[in-house]
Amino acid sequence: YGKKKMPRASSSCFRWWSSPVGQTVVLGVIFFLIFAAFYVLQGLAALLLGPALASNALATLYAVFTGACLYAPYVVNRYGPRVSLRLGILGFCALSVATLVNSYRPSKSAVIFGGALNGLGAAILWTAQGRLMLANGNHFAVFWSLFNASAVVGGVATFVYASTSKDPENSDPKNSAALFGSFVVLMGLGALCTVFLSKDNNNDEHHQEEEKVQRQAAAEVKATVKLLLTRHSAALGCLYFYTGFNQPYQLDLFGDRYFSKKVVGLELALFYGMSVVAGKVAERCLAAKRPRRAAASRTLSLFALTSAAAFGLAAKVVVKDTDDNILVATLAFALWGFSSSVAQAYCYWLVDILYEDDDDKSQDVVVARAVALYKLIQSFGWCVGFALLPVQRCPRLVQFLLNAVSCGLGFLLALCRLPGDDSLRRRRKKAKKNNLNIDAPLLLAAPPPGGDYSASDDASRLDDDDDDDDSSAAAAA
């Protein structure tokens with residue numbers, strides 16, 4: 001009162017909200033609202049839509065998701081992450097609206113078309129999410145806790161619905177209209193929450209010249225494909241693939257076979273609850289204070305140990321093919337949830353550090369392409385997993401072995417490409433001075449003058465150069 005101005009109580013709140021942690025929390029809340037609805041829809045799809053229609057819709061979703069990841073960087077780089085998030089949410093709403101319409105007027109084509117739009121929106125949504133999360137300081141645990149909490153809520157909701165419904169498989173589709181309508185409402189709330197994200201900063205001077213090329217979709221697709229052909233992508237692609245390929249078998253085939261329809265909802269909540277815990281553990285393993293190579297080795301070792309334990313426990317159940325040992329199956333389910341989250345956190349961390357460079361003004365553009373590439377390979381894994389899911393196409397034991405093999409290969413190949421203690425872009429600059437090529441395209445790599453090309457030799461020579469910069473400069477002088 002008087003001449004003194006009272007301090008605004010919201011100033012500290014605004015500073016926190018606009019901080020990197022606050023923005024990551026907002027992003028996590030948006031994904032919580034969207035996927036709390038989506039996970040219930042996906043979990044009950046076979047019950048409410050029928051196994052055949054649900055399988056076709058989800059397969060279409062992930063097939064379109066895979067292809068759209070090539071185009072998604074153009075959308076994100078052209079319109080910005082915040083607008084792209086809204087476009088992606090519209091795609092998710094399309095499937096919910098299609099299922100709502102199907103409850104009143106059955107239409108298989110409408111549901112499948114809604115799945116295709118959902119896949120298109122998912123590619124844009126996840127590419128924008130990766131760019132925003134990595135731009136806000138790698139707060140993996142914050143985002144993954146909120147995101148996986150949506151899956152926990154979805155699992156509990158699935159359990160409650162299956163427990164309270166007398167015969168959900170043969171019930172009138174109109175009885176599910178309110179459920180599908182609630183999905184649309186939740187996703188709409190997620191879209192409204194995007195207003196709390198900071199405005200996109202795509203009009204800076206350093207982007208003006210570059211955007212002339214970036215606005216061309218063909219140029220973005222070409223740049224993303226070029227990224228796909230590098231040796232780094234070839235080495236890490238198997239791990240990217242496994243993070244999607246494992247989900248259909250573990251969540252659908254294994255879960256539905258060894259858990260009852262009422263219990264499977266609680267098991268899904270346990271799976272994603274362990275994912276929340278794993279996100280926090282992975283963040284501590286990948287702490288910035290640790291040397292990058294040591295942090296990567298520690299995280300990959302944690303992934304390998306938990307995955308080996310999960311597959312070992314599951315093998316006891318799968319080989320006997322009996323559902324009388326629910327405790328062992330539950331432990332395997334929990335460890336799968338933990339190891340899967342560790343792998344995904346590692347992949348996002350790796351994308352960020354490989355393409356970070358404080359002096360490179362186009363970092364956000366390249367990161368969007370790298371995230372899209374990761375989601376492309378991951379969604380391809382989902383697509384293959386759903387294609388093999390029916391036991392008439394591929395027996396349970398074969399699917400189990402394929403999951404175990406892809407997990408082991410992903411771990412071993414990732415060990416071959418452990419990051420150094422410098423960004424990939426700075427390593428490229430040093431490599432260029434020494435006439436080296438640390439990540440030449442697999443199909444276009446040419447040997448350097450005087451001998452055959454060896455990526456491992458280049459990497460080792462470059463690491464030696466990192467350690468002996470001062471002595472090399474003195475010798476050159």
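Report yes if some residue within the stretch 96-108 is under 24 Å from the mean Cα position of the chain (by Cα), closer than 24 Å to Leu33 by Cβ and open to solvent by 20 Å² or more (accessible area, probe 1.4 Å); otherwise report no.
No, the conditions are met nowhere in the stretch 96-108.
If you scan the stretch 361-374, which residues turn out to be open to solvent by less than 50 Å² (accessible area, probe 1.4 Å) and at pLDDT below 85?
Matches in the stretch 361-374: Ser362, Gln363, Val365, Val366, Val367, Ala368, Arg369, Ala370, Val371, Ala372, Leu373.
Of the residues Ala310, Ala294, only one is of a type in the set (A, V, I, L, M) and touching a helix residue (DSSP H, G or I) at 6+ places or on another chain (Cβ under 6 Å); which?
Of the residues listed, the single one that is of a type in the set (A, V, I, L, M) and touching a helix residue (DSSP H, G or I) at 6+ places or on another chain (Cβ under 6 Å) is Ala310.
So which residues in the stretch 1-43 are modelled with pLDDT under 80 and either touching a His at 6+ places or on another chain (Cβ under 6 Å) or not in a helix (DSSP H, G or I) (or both), if there are any at all?
Those that are modelled with pLDDT under 80 and either touching a His at 6+ places or on another chain (Cβ under 6 Å) or not in a helix (DSSP H, G or I) (or both): Tyr1, Gly2, Lys3, Lys4, Lys5, Met6, Pro7, Arg8, Ala9, Ser18.
Would you call Lys166 among the basic types (Lys, Arg), open to solvent by 20 Å² or more (accessible area, probe 1.4 Å) and modelled with pLDDT of 70 or more?
Judged against the criteria, Lys166 is not a match.
Sort through Pro73, Pro51 and tell me the only one that's open to solvent by less than 10 Å² (accessible area, probe 1.4 Å) and not charged (D, E, K, R).
Of the residues listed, the single one that is open to solvent by less than 10 Å² (accessible area, probe 1.4 Å) and not charged (D, E, K, R) is Pro73.
Being farther than 18 Å from Leu58 by Cβ and not β-branched (Val, Ile, Thr) is the filter here; which residues of the stretch 371-402 pass it?
Result: Ala372, Leu373, Tyr374, Pro395, Arg396, Leu397, Phe400, Leu401, Leu402.
Can you tell me which condition Gly265 does not meet? The list is (1) buried (at least 22 other Cβ atoms within 10 Å of the Cβ); (2) at pLDDT 90 or above; (3) of a type in the set (Gly, Ala, Ser), and all the others hold.
Evaluating Gly265 over (1) buried (at least 22 other Cβ atoms within 10 Å of the Cβ); (2) at pLDDT 90 or above; (3) of a type in the set (Gly, Ala, Ser) leaves (2) as the failure.
The values are calculated or read from the model by the stated rules, or taken from the named source; none is laboratory data. Since the model is a prediction, treat every value here as computed from it, not as a measurement. Quick reminder, even Gly has a Cβ in these numbers, built from the backbone with ideal geometry, and neighbours come from all protein chains shown. Heavy atoms of the whole protein, side chains included, go into the accessibility calculation; ligands, DNA and RNA do not. Shrake-Rupley method; radii C 1.70, N 1.55, O 1.52, S 1.80 Å.
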